[in-house]
1. Considering only residues of the stretch A:1-25 that are exposed (fewer than 15 other Cβ atoms within 10 Å of the Cβ) and at pLDDT below 95, which is farthest from B:Gly43 (Cα to Cα)?
2. Can you say whether A:Lys69 is among the charged types (D, E, K, R), open to solvent by 70 Å² or more (accessible area, probe 1.4 Å) and more than 26 Å from B:Ala9 (Cβ to Cβ), as far as the supplied structure shows?
3. Being under 28 Å from A:Asp2 (Cα atoms), open to solvent by 70 Å² or more (accessible area, probe 1.4 Å) and among the polar types (S, T, N, Q) narrows it down to one of B:Ser50, B:Ser84, B:Ser20, B:Ser65, so name that one.
4. What residue, among those in the stretch A:19-38 that are of a type in the set (Ser, Thr, Tyr) and under 12 Å from the mean Cα position of the chain (by Cα), is nearest to the other protein chains (Cβ to nearest Cβ)?
5. Considering only residues that are within 19 Å of A:Ala102 (Cα to Cα) and of a type in the set (A, V, I, L, M, F, W, C), which ones fall in the stretch A:51-74?
6. Quick test for you: out of A:Gly41, A:Gly16, pick the one residue that is more than 8 Å from chain B (Cβ to nearest Cβ) and either in contact with a helix residue (DSSP H, G or I) (Cβ under 7 Å, 6 or more places away or on another chain) or outside any strand (DSSP E or B) (or both).
7. Among the candidates B:Pro31, B:Pro18, B:Pro61, single out the residue that is at pLDDT below 95, in contact with a Lys or Arg (Cβ under 9 Å, 6 or more places away or on another chain) and away from every other protein chain (no Cβ under 14 Å).
8. Suppose we keep only residues that are open to solvent by 40 Å² or more (accessible area, probe 1.4 Å) and not in a strand (DSSP E or B) within the stretch B:87-110. Which one would you say is nearest to A:Asn95 (Cα to Cα)?
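The values are calculated or read from the model by the stated rules, or taken from the named source; none is laboratory data. Every value quoted in this text rests on a predicted model; they were computed, and no experiment measured them. Counting neighbours? That spans all protein chains shown, and the Cβs are built from the backbone with ideal geometry, glycine included. The protein model used for the area step is the full one, side chains on, heavy atoms only, and it has no ligands, DNA or RNA in it. Shrake-Rupley method; radii C 1.70, N 1.55, O 1.52, S 1.80 Å.
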Amino acid sequence: EDQVTQSPEALRLQEGESSSLNCSYTVSGLRGLFWYRQDPGKGPEFLFTLYSAGEEKEKERLKATLTKKESFLHITAPKPEDSATYLCAVQDARNNDMRFGAGTRLTVKP
Amino acid sequence: SQTIHQWPATLVQPVGSPLSLECTVEGTSNPNLYWYRQAAGRGLQLLFYSVGIGQISSEVPQNLSASRPQDRQFILSSKKLLLSDSGFYLCAWSVANIQYFGAGTRLSVL
C-alpha cells in the first residue's frame, strides 16, 4: 500500500535559520510528488511537482529535491511569512491515486 | 485563468440534519473534480472524484454522497449528519495531474 510520511510533525525556526522538511514515500511506481503550502483555515496552495529522482525545483526561499525514496523541502533564510503547514503528496503511476502526508507545521519566529 | 469556488466557508449543523456543500470551477472545461476531508493532524482523505457529468467514484464507505449535475459543479451531500462528519472539507480540480484546491468548508456537527 502506498504510504507517505512527513517529518518532523512540527518545526520551529528563528528567522534566517535554514532547515529541511522530509517526505518519505512508498509507492509501486511514482507518477509525481507534489508539495503544497497550507495556511490555517485555507485550502492547500500548490508549490512544486517533481517527477524523477535527482530533479530539483526552486521558488524564492524554497527548494524541493527528490530521490527514489524521499523528498526534501529546503527552506533557506526563512521569514515569518513562511509559517504554514507544508503537505507532501505522491501520485501512483498505476492508478493515478494521490496520497497525502499529514504535513509539517512550520513556525518561523522573528 | 481558472478559479475554484467553494461555499460556505463555515457551517454548524445539528446531528441528523441534511448537508449540501457546493463547489464550482471557472475557466476550464470537463475538469476532474475531487472532494477531500481533512482531519486535524492527518493527511487529506479522498472522499469522491469525478471525471465527468454524472460520473462519481467513491473512495470510502460513509454517510456522504456526491453529485455532478453540471460540468463544472460538484456537490457533497448527506441526508443525516453524524458527529463524525465534522471536519474540513476541500474541493479540488486537476489539470496535468496537479490538483488545485478551493478555500475549504469547516463543518461542525453538534
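1. Within the stretch A:1-25, the match that is farthest from B:Gly43 (Cα to Cα) is A:Glu1.
2. Numbers: among the charged types (D, E, K, R): yes; open to solvent by 70 Å² or more (accessible area, probe 1.4 Å): yes; more than 26 Å from B:Ala9 (Cβ to Cβ): yes.
Taking the combined requirement at face value, the residue satisfies it.
3. Working: B:Ser50 fails: open to solvent by 70 Å² or more (accessible area, probe 1.4 Å); B:Ser20 fails: under 28 Å from A:Asp2 (Cα atoms); B:Ser65 fails: open to solvent by 70 Å² or more (accessible area, probe 1.4 Å).
The match here is B:Ser84.
4. Going through the stretch A:19-38, the residues of a type in the set (Ser, Thr, Tyr) turn out to be A:19-20, A:24-26, A:28, A:36.
Right, trim to under 12 Å from the mean Cα position of the chain (by Cα) and you get A:20, A:24-25, A:36.
Numbers: A:Ser20: 20, A:Ser24: 13, A:Tyr25: 12, A:Tyr36: 8 Å.
Ranking the qualifying residues of the stretch A:19-38, first place goes to A:Tyr36.
5. Passing the criteria: A:Ala64, A:Leu66, A:Phe72, A:Leu73.
6. Details: A:Gly41 fails: more than 8 Å from chain B (Cβ to nearest Cβ).
Exactly one of A:Gly41, A:Gly16 is more than 8 Å from chain B (Cβ to nearest Cβ) and either in contact with a helix residue (DSSP H, G or I) (Cβ under 7 Å, 6 or more places away or on another chain) or outside any strand (DSSP E or B) (or both), namely A:Gly16.
7. Details: B:Pro18 fails: at pLDDT below 95; B:Pro61 fails: in contact with a Lys or Arg (Cβ under 9 Å, 6 or more places away or on another chain).
After ruling out the rest, the residue left standing is B:Pro31.
8. B:Asn97
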